[in-house]
Amino acid sequence: VSARTLAAALALLLCAGRARAQAPAPRSVILLLADGLSWGQLQLLHDELAREKLPSALEDVLAAGHTAYCETAPLGALVVESGAGSSAVATGVKIANRSLSELPDGTRPPTILDLARRAGMATGLISTGRLTHAGPAAFLAHQKERDNEYAIARAIVETGTDVLLGGGRNRFTPSALGRAEAAGYAVLLDSRQLDADLPAEKKLLGLFADDGFPYSIDRDAGRAAPVPDLARLEALALERLSRAPKGFVLVVNSRLVDEAAHYHDAAAMLGELRATDRAARVALDFVRAHPDTLLLVTTNHDTAGYGMEYRANPARWGGDGELARIAGQKASYLSLLSEVHARERAGETLDAALIRGVVAPRLAEGVALNDADWAAVAAALSVGPKRRPFEYSPATHALAAALEPYYLASWNTGTHLSNPVPCFGLGPGSESLRGLLQNTALFGMMKAAADRAAATSSPARARP
Ligand SMILES: [Zn+2]
């Protein structure tokens, strides 16, 4: 082999290396973060959509893109809560539990939305939860303690994020809303305002529920005030953000998967997984039309460790019957037990008969709980004051346990697990999704878009 051939081969290798190093950075980013998502929940969605012979956008992303497992441990612990889980993705830095994108010493690493804004990109965050809830808020605010939601609301309107749509209306004081208007936001407090023409030159702050949104299955059954579907909010956000000359970063937060899993409510969780899948369809359609966009799908942690299980003696292995019973539940456990509790406050006796009267008609055909089951739910519902939604958990867990023979739904815990979680996506930079990663790795993939925007000269602006 001549020296010249060697030199030529070396030059080729160097070129290949340079080409790899200069893989194009994404122009825009869509991060779909479903709070509490696990592989077991994705399997439930997959199985039910297959039973209904419907396609799944999340499966399409998995099939077309790249996949990794992500470890979620926060700073100083093994199990994470929503704020620290989101913060790690948002900043690329491990944060302690209960803090939002702020380290114990007060250092505030910039979030991907902070960097995108500084680089001149458009930014947005939409959520089915309160915008001030730790899961979404970690992308918007820097706070030592997640429960400081009024301070978080004030911080959110100061960020200058172009599109902010979700719940949490009652965490925004009139003064916070006034500051938002002064900062150039059109403030929408009723989802019917989405039907009107929205001012194109204004930023959007839409707060469509006092707290988080109601579950999709309650909304669809007319048991809750109408709120927009996550996919609709996403389409609106994309329409506005995609006009930006230097690209955008949009965070799409499907908040209620986590909540339904905490309650062990497989049907409400399935409804939120379907809403997540509709949002994934909007994202996938956008990415196919704009291949310079990076789409990432992930979560902040696994909630509750859901899986379908088998039963022995007599052997049952799960099938369309179990799926149909889960999908046939017509209201969430929380809305049903809240209704029971409201009737108790109105003077009725809280007992098994009252609970059966409210809950049984909302369960699928063929589901018949016995007296002992109803008594167990009544006993659990009688404990505690029920001032906060999560005080319903003992009763929702009792109902889930009673329904297990019909649903084969197995739950590991009422809280979060240290399990590695799904991280997948497609588009420029998604090739790095392989093997086992830390959740902080996602930040680097998104940051490439902000670096690219920062390196691009600003569009011509009138200078004084
Ligand atoms: Zn949670």
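Kindly rank 208-215, 343-350 from highest to lowest mean number of other beta carbons found within 10 Å of each residue.
In decreasing order of mean packing, 208-215, 343-350 become 208-215, 343-350.
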Revision key, fill the gap. Set 53/203; 144/447; 53/447; 144/386, cut-off 32 Å on Cα-Cα distance; pairs above it are 53/203; 53/447
Revision key, fill the gap. Farthest towards the positive end of the dipole of segment 350-464, among 445, 367, 382 and with Cβ unit charges of +1 on Lys and Arg and -1 on Asp and Glu, lies the Cα of 445
Study note, to complete from the structure: Here the FRET efficiency for residue 350 versus residue 315, based on Cβ atoms and R0 = 35 Å and rounded to 0.05, is 0.40
**Study point:** Distant-in-sequence amide H partners of residue 301 (H built 1.01 Å from N, under 5 Å)
**Key:** 36, 37
Practice item. Could you state the angle between the C-alpha long axis of helix 39-51 and the longest principal axis of the C-alpha atoms of the chain, as a value from 0 to 90 degrees rounded to the nearest 10? Key: 70 degrees
Revision key, fill the gap. Rounded to the nearest 5, the percent of DSSP beta bridges in the chain running antiparallel is 30 percent
**Study point:** From phi via Karplus (6.51, -1.76, 1.60), per-residue ³J(HN,Hα) for segment 315-331 in Hz, x at Gly/Pro
**Key:** 5, 9, 10, x, x, 4, x, 5, 4, 5, 5, 5, 5, x, 5, 9, 7
Review point. Using a simple spin-label model with points 7 Å from Cα along the Cα→Cβ vector, what separation in nm is obtained for residue 64 and residue 431?
Key: 1.9 nm
Review point. By the scheme Lys and Arg +1, Asp and Glu -1, what is the net charge of all other residues having a beta-carbon under 10 Å from that of residue 167?
Key: +2
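Any read-out appearing in this document is the output of simple, stated calculations on the displayed coordinates, not a laboratory observation. All values derive from a computational prediction rather than experimental measurement. Note that each Cβ is placed from the backbone with ideal geometry, even for glycine, and that neighbours are counted across all protein chains shown.
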